[in-house]
Amino acid sequence: MIQIKFKSVVFLVASVLACTAGGAAGAEPDWKVGLAQVKVTPEQPVLMAGYAARTKPFEKVATDLYVKALVLEDGQGHRGALVTSDLIGFPAAVAEPICERIQKSTGLARAEILLNSSHTHTGPQVSLKLASKDDPGEGENQRTIEYTRNLQDKVVDVVERAAARLEPAQLSWGTGVVHFVMNRREFTPNGVVLGANPKGLADRSVPVLQVAAADGTPRAIIFGAAVHNTTLRTDYYQICGDYAGYAQTLLQEKYPGVQAMFMLGCAGDADPYPFGNMELARQHGTALADDVIRILSTAKKLKPVHGPLQVAFANARLPLQTGMSKEDLQKLAAEKRSPRSWGAAQMVTLLERGEKLPTHYACPLSVWQFGQDLTLVGLSGEVVVDYVTLLEKALGPNDLWVAAYCHDVFGYLPSAHVLAEGGYETRGLYSGGAGFFAPEAQDVLVQAVQDLAKKAGRIVP
């Protein structure tokens, strides 16, 4: 089912929209914007997300983590809300209750809510999944659940507060570039491994959306990059927003009173390079912030963004691979060095319970159309960079911002050719289900996004 909304759109993002005074200060504002943020740094020792090799809770806090909300309204009364977060991601089991509560308290429909996460690997786990009573980590599991429930309350509250603070605003946008984005699919005689592939495809663009008050005073900056927040690795036990957190902080220091928000792009097969320590995280964050500042300080780099705001939303039924026998899956599960072993083990567990393996996964997708000035695509999951090229071909390359890690971070979404090559990004679902995506999922997703873009008003090729 596709939903199209022209009355209200909620844009939720867990990083912040910082602005500069580069807009047309004397123009009649096309928008009203409300902003709010909340600290979500865990106060109790909880397990960290991102690396399965970690075996204990975090030891200290290096930098705080935030959830940030932007609610906007165009001149016709069409509203929208965006939420960004310095978190690993929202699985559907966590995201959907949040959205249901926002719908009840604000009157917004599910189609009008967009969640995005920075996918930092130095933040807390986000999960409501109960451990078994004989699990030695049951106590830590309970603390994770308590943190996640409190997080849900904070996300709902921050959107409600942003919605109550609407003030006249101007929007403009531009694109920059960063150079620490590295394709991580390294080809070796033994197959594709996680490493560095300088010749591989990577999206090094930096989309920037500026929000300014009616008089041109900066209010918020939304910016993005398409690279994992994994500068800090498995041996790091401190809470930190990684490069995205540092970039937001630097922008807020540069523009006092501004809310800076980070949106992650198609980073499924991209890592920061080099990586390995806090100084490199700061270095990458500085490089990103510096280019955002360059874009904002150059008036010719920014284009006005007008309304109306229209949004389309759908759950695309992406096909999963079928036909693998229980014996095939057991064999794959035993190959501990395979990136698919964990997923295969989950599928074996389903079969042993007498359950059928799923044939499709419902993948939430959004398209937000700002007049004819900007199209924002919100994809769920850990999406590989091939989808940027595929969607540019399907929608046209101009005035297009493709974000991933939205709505439901269910696992990796590989392209057909990544599936054929193999490697870590083919591991499939890791939350909310079990299965490996079929090659046909690529075309289903691209077609679904193109259909949504047309319905939202984008002129496509």
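The values are calculated or read from the model by the stated rules, or taken from the named source; none is laboratory data. Nothing here was measured: the structure is a model prediction, and the numbers come from that model. Note that we place each Cβ from the backbone using ideal geometry, even for glycine, and neighbour counts take in every protein chain shown. In case anyone asks, the SASA skips ligands and DNA or RNA and just uses the protein heavy atoms, side chains included. Shrake-Rupley method; radii C 1.70, N 1.55, O 1.52, S 1.80 Å.
Looking only at residues in region 408-433 that are open to solvent by less than 30 Å² (accessible area, probe 1.4 Å), touching a Gly at 6+ places or on another chain (Cβ under 6 Å) and part of a loop (DSSP other than H, G, I, E, B), which one is modelled with the lowest pLDDT?
GLY428
(1) open to solvent by 30 Å² or more (accessible area, probe 1.4 Å); (2) of a type in the set (Val, Ile, Thr); (3) over 23 Å from the mean Cα position of the chain (by Cα): which one isn't true of THR175, the others all being true?
Every listed condition holds for THR175 apart from (3).
Could you list, in sequence order, the residues of region 371-415 that are closer than 16 Å to VAL449 by Cα and among the aromatic types (Phe, Trp, Tyr)?
If the condition is that a residue be closer than 16 Å to VAL449 by Cα and among the aromatic types (Phe, Trp, Tyr), then TYR387, TRP401, TYR405 are the ones that fit.
I'd like the residue in region 398-436 that is polar (S, T, N, Q) and farther than 19 Å from MET324 by Cα and, out of all such residues, is farthest from the chain's Cα centre (by Cα).
ASN398
State yes or no: is VAL388 in a helix (DSSP H, G or I), under 18 Å from the mean Cα position of the chain (by Cα) and touching a residue at least 12 places away in the same chain (Cβ under 8 Å)?
Considered against the rule, which asks whether it is in a helix (DSSP H, G or I), under 18 Å from the mean Cα position of the chain (by Cα) and touching a residue at least 12 places away in the same chain (Cβ under 8 Å), VAL388 comes out as yes.
List every residue pair whose Cβ atoms lie under 7 Å apart, where the two residues are 6 or more positions apart in sequence or sit on different chains, the first residue falls within region 95-124 and is over 14 Å from VAL409 (Cβ atoms) and open to solvent by 10 Å² or more (accessible area, probe 1.4 Å), and the second residue, located anywhere, is hydrophobic (A, V, I, L, M, F, W, C) and part of a loop (DSSP other than H, G, I, E, B).
If the second residue must be hydrophobic (A, V, I, L, M, F, W, C) and part of a loop (DSSP other than H, G, I, E, B), the pairs left are GLN103/ALA109.
When you scan region 81-89, do you find a residue that is in contact (Cβ under 8 Å) with a residue 40 or more places away in the chain and open to solvent by 30 Å² or more (accessible area, probe 1.4 Å), even just one?
No; the residues of region 81-89 include none that is in contact (Cβ under 8 Å) with a residue 40 or more places away in the chain and open to solvent by 30 Å² or more (accessible area, probe 1.4 Å).
I'm trying to understand the selection: among the residues of region 303-321, which are within 16 Å of ASP373 (Cα to Cα) and either open to solvent by less than 20 Å² (accessible area, probe 1.4 Å) or among the basic types (Lys, Arg) (or both)?
Within region 303-321, LYS303, VAL305, LEU309, VAL311 meet the criteria.
Which of the residues belonging to region 351-364 are open to solvent by less than 10 Å² (accessible area, probe 1.4 Å) and either more than 23 Å from ALA316 (Cα to Cα) or without any contact (Cβ under 8 Å) to a residue 40 or more places away in the chain (or both)?
Those that are open to solvent by less than 10 Å² (accessible area, probe 1.4 Å) and either more than 23 Å from ALA316 (Cα to Cα) or without any contact (Cβ under 8 Å) to a residue 40 or more places away in the chain (or both): none in region 351-364.
Test of understanding: among VAL348, VAL367, VAL292, which residue is part of a strand (DSSP E or B) and open to solvent by less than 40 Å² (accessible area, probe 1.4 Å)?
VAL367
Filter region 187-202 for residues that are open to solvent by 70 Å² or more (accessible area, probe 1.4 Å) and part of a strand (DSSP E or B); which is farthest from ALA214 (Cα to Cα)?
PHE187
Rundown of residues vs (1) within 30 Å of GLY276 (Cα to Cα); (2) at pLDDT 95 or above, yes/no style:
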site: ALA14; (1), (2): yes, no
site: ALA21; (1), (2): no, no
site: PRO29; (1), (2): no, no
site: VAL33; (1), (2): no, yes
site: VAL38; (1), (2): yes, yes
site: ALA62; (1), (2): yes, yes
site: VAL67; (1), (2): yes, yes
site: GLY80; (1), (2): no, no
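Confirm whether SER118 is small (Gly, Ala, Ser), within 25 Å of ALA267 (Cα to Cα) and either over 19 Å from the mean Cα position of the chain (by Cα) or modelled with pLDDT of 95 or more (or both).
yes
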